[in-house]
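Worksheet: one structure, shown below.
The values are calculated or read from the model by the stated rules, or taken from the named source; none is laboratory data. Everything quoted here is computed from the prediction, not taken from an experiment. Don't worry about glycine lacking a Cβ; one is built from the backbone with ideal geometry, like all the others, and counts go over all protein chains shown. Please note that ligands, DNA and RNA were not included when accessible areas were found on the heavy atoms of the full protein model with its side chains. Shrake-Rupley method; radii C 1.70, N 1.55, O 1.52, S 1.80 Å.
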Amino acid sequence: MKSLLKTYTILTLITLTACSDQLDLFPRSAVSATSELSEGDVESFLIGVYASVQNNPGRESYIYPDLLGGDLNASSSTNGGGTNVFISNLMRPEHSYVGATWRGYYSALYQVNTLIKALEKMSETPRRLQIRGVAHFFRGYIYYNLVTRFGGVPILRENTLEKMPRNSPEEVWQFIEDELTIAIEHAPGFSTDLGSNFYFVSRESAKALMARVKLARGKNSEAAALAEELIALPAFKLDSFEKIFRNAGNTEIIFAFKNQTVESNINMSTLFYTYAHPQSGSYVYKPNPGAMNMFEPGDLRADISVDTYEGLDVVNKYPSGQQGTDPLIITRLAEMYLISAEAQGLAGIGRLNELRNARGVGPVSAETEDEYLNLILEERRKELFAEGFRWIDLVRTGKAQAVIGIQDREVVMPLPETELLLNDLLEQNPDY
């Protein structure tokens, strides 16, 4: 990727400069459709797409479900959990994070749609089919992040300056499945085409995201089948937790953004470390006491997930500090174990305990399906801490209000105030 950075930078700056004024003037559910790509531009533009999807939504987008999920809080908070006030503040239509999330994903969508449209006009080659698969993966990934946060949003199959109304959540979920189906068919294979390089989209990463989507939609048998298919592949196996989060080669990551300093503005670690910490940082957010105490003795995830330095609790999964960046993991094998375990119900407890064994803790048991679901959610909380899952998990299982104590309206984020002003076809989520 490094060898193409200069090409990407020139091409993307030209493209973004050309459309930036229109993106500022028009709602993000209506974006300019003026860019044209030549056949020679496609490979370079693809790198720009990777960078746009990685960077445009902003660093907080990766942890927003953790900020809303009860395990993180503002570092200035002195009242323990402080969950309700903290979450309600983040859930304001005028909050900058809400607007940045919406704008960022739709700005990235502009780039993806430009690539897909260009490919439709070109002759079909094996490589262009692969790129098409990658582009549709990203479109599915973008809409997954939009629907899990905002509910129904406008579906843009191509760029347009027309104002667009919201599609229903069900329509968006189906669109995501359709996009990932194309990605599974055409994206390059993980082990043969890409040399086991998890920094590139593969059909396996599309299957992993599809398993997540199927689980969210209650299509449990399909979710379990996809997860089991990935678990069975020789390319993947559960690996050292330290290697996963210390930028080392491992057999667990299925897809991650490389997030190199030279091409990224996503420096997660500054949010979590103090300035006095050896890694340095701004210490914007800290783990709540419940997160600090959730790991059992011997759990190999504990020290990699959280730490205490000079009396201050910190998130420890993003260790590069003030001067660096860390990979942004999108899909990994442990999630497939958890998806299979949840989707199978009590019959999947073997998968749950396999994962626990790999993380250094003993087996668990349950008598009822609800008891078992609570075990799954707690394991997901530990395994996927600060990776963008907690609030989404609690919302999709109907437990968010009881576990976090949030208001009924806060199972979805509000639409940004600015987008409602720009697009009068949009309707705000209830009670905001």
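Here are the numbers:
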{"item": "Residues that are under 21 Å from the mean Cα position of the chain (by Cα), among the aliphatic types (A, V, I, L, M) and crowded, with 22+ Cβ neighbours inside 10 Å, drawn from region 405-421", "result": "M413, L415"}
{"item": "Qualifying residue in region 345-352 (condition: in contact with a Ser or Thr (Cβ under 6 Å, 6 or more places away or on another chain) and charged (D, E, K, R))", "result": "yes"}
{"item": "Flag for Y106 being under 30 Å from R409 (Cβ atoms), aromatic (F, W, Y) and open to solvent by 10 Å² or more (accessible area, probe 1.4 Å)", "result": "no"}
{"item": "Failed item in (1) part of a helix (DSSP H, G or I); (2) surrounded by 15 or more Cβ atoms within 10 Å (Cβ to Cβ), with F190 passing the rest", "result": "(1)"}
{"item": "Qualifying position, being under 20 Å from the mean Cα position of the chain (by Cα), of a type outside the set (G, A, S) and open to solvent by 30 Å² or more (accessible area, probe 1.4 Å), among I142, I182, I176", "result": "I182"}
{"item": "Flag if E204 is part of a helix (DSSP H, G or I) and surrounded by fewer than 23 Cβ atoms within 10 Å (Cβ to Cβ)", "result": "no"}
{"item": "Residues within region 355-373 that are surrounded by 15 or more Cβ atoms within 10 Å (Cβ to Cβ), without any contact (Cβ under 8 Å) to a residue 40 or more places away in the chain and not β-branched (V, I, T), tallied", "result": "4"}
{"item": "Selection count, region 238-262, where residues are among the hydroxyl-bearing types (S, T, Y) and within 19 Å of K382 (Cα to Cα)", "result": "1"}
{"item": "Pairs with Cβ under 7 Å, 6+ apart, first in region 243-262 and surrounded by fewer than 15 Cβ atoms within 10 Å (Cβ to Cβ), second in a loop (DSSP other than H, G, I, E, B)", "result": "T261/G324; T261/T325"}
{"item": "Number of positions in region 296-327 that are among the small types (G, A, S), within 23 Å of the chain's Cα centre (by Cα) and closer than 17 Å to N73 by Cβ", "result": "1"}
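Residue by residue, here is whether (1) assigned to a loop (DSSP other than H, G, I, E, B); (2) in contact (Cβ under 8 Å) with a residue 24 or more places away in the chain; (3) touching a strand residue (DSSP E or B) at 6+ places or on another chain (Cβ under 6 Å) holds:
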site: E171; (1), (2), (3): no, no, no
site: E177; (1), (2), (3): no, yes, no
site: F198; (1), (2), (3): yes, yes, yes
site: V213; (1), (2), (3): no, yes, no
site: G218; (1), (2), (3): yes, no, no
site: S221; (1), (2), (3): no, yes, no
site: A227; (1), (2), (3): no, yes, no
